[in-house]
Amino acid sequence: MKKRLSLLLSALAVVLFFPIESSAYILYGHKLTNGVGNWGKNRQYYYLHDSANQYKPLIKNAWNTWVNSSSILSTPISFRESTNKKASVVEFFSINNPSKKYAGMTYFYRYKEEVEPEKSNWGWTEIELNQAELKYIGETDQQGTIAHEIGHAMGLAHNGNEFSVMCQFAYGRKTSRPLLDDYKGINAIYN
Amino acid sequence: MKKGFILMGISAILLGSFVVVSAFSTNTETNATATKKTTDETASGFITVDTHADIVRAYNDIPSLTKASAIVIEGDVMSTSTKYYKDEIAPCTLSQVKVSKVISGDVKIGDVVTFQETGGITTQKYVSERSRGRDFPPLSEVEENKQVDFKINGLSAMKKDEKVLLFGERYQDIYLVVGGYQGKFKVDGNKIERQSPKGDESFYPTLKMSQSSLVNEVQQLKK
Ligand SMILES: [Zn+2]
């Protein structure tokens with residue numbers, strides 16, 4: 001009986017010290033310098049190069065899944081398309097290069113240099129979509145890959161949770177839109 | 001009886017917490033490794049640029065790599081050069097690889113084959129030009145010529161004098177590494193192992209094994 005009681009107490013201690021929530025996203029540790037929109041008070045913009053025009057509807061849908069999150073969890077994300085490149089902080093373009101085995105690449109920049117998001121904040125990002133690889137997956141998953149790259153651009157790293165848009169497609173991602181853990185990650189950075 | 005139920009419930013919670021805690025500690029280790037790597041390379045004199053690239057075609061085991069490959073070889077990197085594509089950010093590397101072992105495919109020991117990979121050695125000038133000119137101030141001549149190791153997910157392209165084991169697919173008159181970094185193994189004596197992309201250490205299979213078991217598996221599959 002005593003044994004049971006001590007087991008019970010240690011179990012309680014563990015539960016109290018390690019809250020179960022707050023774990024299923026991984027952050028780079030830095031962020032977009034001017035934030036992701038601050039609940040509309042400081043709206044941010046993305047820009048499409050001509051080369052990315054064929055993905056315009058998918059890019060728009062992918063952004064919507066990040067912006068319109070309130071049915072799952074509200075976040076400060078407020079982004080809109082702009083035709084002014086200089087006003088934007090996320091730029092999209094696409095290439096068609098079968099020698100590059102990557103479907104999406106995100107590049108982080110700060111004044112004067114390309115930076116690593118684990119080491120410093122970034123002022124803007126460029127997302128490169130490779131038609132030669134994206135053609136191997138359906139439109140829904142293409143939109144998922146775009147949403148995944150947007151997650152990188154805002155500061156989320158990969159995780160192994162299949163129900164997070166930040167799980168790599170190649171590791172079995174089962175969602176093409178951000179879900180609870182993804183929004184929690186954003187709130188942990190910008191709220 | 002009631003106590004039994006409470007105990008069971010608590011044990012379940014306890015178990016759940018342990019799973020979460022272990023996920024946490026893995027992540028911490030991951031970060032520590034990544035930081036260490038970067039410091040080492042900075043000491044070698046290169047500025048590093050690290051790009052986040054996502055694959056949609058996974059080769060998580062030897063059968064899938066074998067199926068996609070025209071040749072499987074061990075070789076030594078004799079020389080490398082950088083190749084650029086117009087209007088693309090990441091440069092590519094062409095490596096001349098001298099074959100030291102043929103595991104599969106129509107090549108001979110001693111042949112020199114060309115492999116192309118994404119990423120490689122370039123200059124600050126190139127990186128600033130390809131960033132599409134967002135308020136990059138002009139660089140001084142010294143800054144322009146600074147060497148940059150342009151990595152993909154923390155992984156460098158092949159470098160001279162490296163010993164590598166490669167799964168190659170045919171592309172025009174050269175070879176590509178199957179699945180980007182996925183078809184490239186580091187060779188350490190009889191052991192081979194893939195390098196894990198940065199941040200993916202907990203989910204990426206490194207396929208560490210002896211060369212002899214790889215040879216057996218590939219040749220069995222190619223029959
Ligand atoms: Zn990714």
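The values are calculated or read from the model by the stated rules, or taken from the named source; none is laboratory data. Just so it is clear, the structure is predicted and the values come from calculations on it, not from any experiment. We place every Cβ from the backbone using ideal geometry, glycine too, and count neighbours over all the protein chains shown. Please note that ligands, DNA and RNA were not included when accessible areas were found on the heavy atoms of the full protein model with its side chains. Shrake-Rupley method; radii C 1.70, N 1.55, O 1.52, S 1.80 Å.
Evaluation of A:F108 against the conditions (1) more than 7 Å from chain B (Cβ to nearest Cβ); (2) within 16 Å of the ligand (Cβ to nearest atom); (3) out of contact with any Phe, Trp or Tyr (no Cβ under 7 Å at 6 or more places or on another chain) shows that the sole unmet condition is (3). So is B:T42 more than 30 Å from A:A52 (Cα to Cα), assigned to a helix (DSSP H, G or I), modelled with pLDDT of 95 or more and not hydrophobic (A, V, I, L, M, F, W, C) or not? So B:T42 fails the test.
Among all positions in region A:83-90, there is at least one residue which is β-branched (V, I, T), within 27 Å of A:N187 (Cβ to Cβ) and either more than 10 Å from chain B (Cβ to nearest Cβ) or not in a strand (DSSP E or B) (or both). Only a single item in (1) under 28 Å from B:L221 (Cα atoms); (2) away from the ligand (no atom under 16 Å from the Cβ); (3) open to solvent by less than 40 Å² (accessible area, probe 1.4 Å) is not met by B:K67, and it is number (3). Of the set (1) out of contact with any Ser or Thr (no Cβ under 8 Å at 6 or more places or on another chain); (2) more than 9 Å from chain A (Cβ to nearest Cβ); (3) open to solvent by 40 Å² or more (accessible area, probe 1.4 Å), all apply to B:R57 but (2). Applying the criterion of at least 2 residues that are open to solvent by 10 Å² or more (accessible area, probe 1.4 Å) and touching a residue at least 40 places away in the same chain (Cβ under 8 Å) to the helices (runs of 4 or more DSSP H) found wholly in region A:95-191 leaves A:139-154, A:180-190. Quick check: anything in region A:111-127 under 28 Å from B:L139 (Cα atoms), more than 9 Å from chain B (Cβ to nearest Cβ) and away from the ligand (no atom under 16 Å from the Cβ)? The answer is yes; a qualifying residue exists. Residues in region A:81-91 that are surrounded by 20 or more Cβ atoms within 10 Å (Cβ to Cβ) and more than 15 Å from the ligand (Cβ to nearest atom): A:S88, A:V89, A:E91. When you scan region A:134-152, do you find a residue that is at pLDDT below 95, of a type outside the set (S, T, N, Q) and within 13 Å of the ligand (Cβ to nearest atom), even just one? Among the residues of region A:134-152, not one is at pLDDT below 95, of a type outside the set (S, T, N, Q) and within 13 Å of the ligand (Cβ to nearest atom), which makes the answer no. Here is the figure for region B:186-221: residues that are touching a Lys or Arg at 6+ places or on another chain (Cβ under 7 Å) and on the phi > 0 side of the Ramachandran plot total 1.
Kindly provide the set of residues from region B:169-186 that are surrounded by 14 or more Cβ atoms within 10 Å (Cβ to Cβ) and either over 13 Å from the mean Cα position of the chain (by Cα) or hydrophobic (A, V, I, L, M, F, W, C) (or both), ordered by number.
Across region B:169-186, the qualifying residues are B:E169, B:Y171, B:I174, B:Y175, B:L176, B:V177, B:V178, B:F185.
Can you find even one residue in region B:70-87 that is at pLDDT below 95, in a loop (DSSP other than H, G, I, E, B) and within 16 Å of the ligand (Cβ to nearest atom)? Among the residues of region B:70-87, not one is at pLDDT below 95, in a loop (DSSP other than H, G, I, E, B) and within 16 Å of the ligand (Cβ to nearest atom), which makes the answer no.
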